[in-house]
1. About the Cα centre, and with charges only on the beta carbon of Lys, Arg (+1) and Asp, Glu (-1), how big is the dipole of the chain? Nearest 20 debye, please.
2. Would you mind checking segment 17-34 for residues with the amide N under 20 Å from a putative spin-label position 7 Å along Cα→C-beta of residue 70?
3. Obtain the nm distance between the two label points defined at residue 108 and residue 289 by a simple spin-label model: each point lies 7 Å from its Cα along the Cα-to-C-beta direction.
4. Using the count of nearby Cβ atoms within 10 Å as a rough guide to exposure, how do 285, 242 rank from fewest to most?
5. Give me the angle, in degrees from 0 to 90, between the Cα long axis of helix 74-84 and the longest principal axis of the Cα atoms of the chain, rounded to the nearest 10.
6. Just for segment 6-213, what percent of DSSP beta bridges are antiparallel, to the closest 5?
7. Suppose each label sits 7 Å from its Cα in the direction of the beta carbon; what would the residue 272-residue 302 distance come out to in nanometres?
8. Taking 0.36 nm per residue of sequence separation and subtracting the Cα-Cα distance, how much length would be gained by fully extending the chain between residue 53 and residue 144, in nm to one decimal?
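Derivation of every value follows stated rules applied to the coordinates shown; laboratory data play no part. From a predicted model like this one, the values you see are computed outputs, not experimental measurements. Please note: Cβ atoms are built from the backbone with ideal geometry, for glycine as well, and neighbour counts cover all protein chains shown.
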Amino acid sequence: MNILPRFAVLLAAFNGLDFIRAQIDSILVQDNVSVQIFISVDQSSDGTEEFLIGFSSHEPRITLLPFGFHFGGAGPNFYHLISNVDFSSFDYVSFADQDDVWTVDKLIRAHHVLTSGRAQGYSSNFIAFWPDGFRLPVKKSYPQRRWDFIFESAGPGCTYVIGPDLCLALKQFILQSGKDLYEVEFHDWLIYAYARFHGYLWIIDDSYSIEYRQHSNNQLGVNFGWRSFVLRLKKILNGYGIGQSLLIANLIGANSADIIQRGLLGGRLGYVWLSFQCFACRRKIIDRMMFFISCLLLAIVNPLRPPSTK
């Protein structure tokens with residue numbers, strides 16, 4: 001008898017009524033795997049909870065976490081899911097947004113890649129798509145660098161699949177972290193950083209495993225177009241990106257590394273030094289160029305350190 005690999009899929013929702021049915025359907029039809037979807041809803045006003053109650057009443061592969069919580073963002077909602085879902089009977093944990101569409105072989109491909117590569121962490125490329133029908137393949141599978149995890153994620157969390165050892169360690173890490181955890185806005189960045197820093201092998205696959213919906217309610221969305229570029233540049237120059245990197249480094253135990261002490265905490269000269277570490281800090285060549293320029297601009301602007309830099 002062929003035993004299918006078992007996936008716990010963690011889905012965080014908020015006012016997702018327009019798109020969540022298509023997302024759930026694409027998860028339930030995954031090829032050659034067993035799936036159980038665990039859904040946590042940030043208190044919504046569009047009827048998301050009511051829809052899910054009705055839908056799950058005739059679909060045993062959906063488990064709803066108690067309603068009524070207000071998380072204020074996808075990151076805290078995913079931390080809630082990781083903390084409260086029992087993974088002990090599953091082979092893998094995967095993460096899902098409420099508004100994407102998965103290819104039918106997304107999970108089984110992740111299983112094969114993780115097994116053949118003896119890895120515990122997986123992510124992939126994706127295809128961004130817009131309401132007007134425009135589609136854009138987005139590559140994330142550039143070679144990993146020594147310190148890329150301090151400055152970027154492995155891609156959207158909705159492409160992530162993690163193995164049992166990393167699942168258990170990550171759950172303990174989330175449960176033991178203090179209030180600073182909830183200041184990290186992007187769970188995918190934190191998960192990747194934790195895995196890399198603690199020695200778990202991570203594979204960024206060159207397949208395109210999801211259709212990543214772009215609309216006005218995306219928390220960040222794909223980095224495409226001038227509007228997105230300007231938004232990210234502002235977040236860099238006002239110290240937001242540096243603050244997130246410092247919070248993550250502190251949480252995962254990397255705050256004593258040179259890239260933090262000499263670079264991010266080194267003042268103006270630290271930013272200049274950091275600019276020349278660009279090849280160790282970003283995966284994509286154009287991102288390294290932007291990192292170099294951004295560090296030099298930060299040496300001029302020198303934004304104040306955020307308070308959470310223990």
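1. Working: 27 positive and 27 negative charges, 304 e Å.
Dipole of the chain, to the nearest 20 debye: 1460 debye.
2. Within reach of a label on residue 70, which here means backbone N under 20 Å from a point 7 Å along Cα→Cβ, segment 17-34 contributes 17.
3. 4.1
4. Working: 285 11, 242 26.
If I rank by nearby Cβ atoms, fewest first, I get 285, 242.
5. Roughly 60 degrees between the two axes.
6. Details: 10 of 34 bridges.
Taking every DSSP beta bridge within segment 6-213, about 30 percent pair in antiparallel fashion.
7. About 1.1 nm separates the two model spin labels.
8. Numbers: separation 91, 0.36 × 91 = 32.76 nm, distance 4.16 nm.
Taking 0.36 nm per residue and subtracting the Cα distance, the gain is 28.6 nm.
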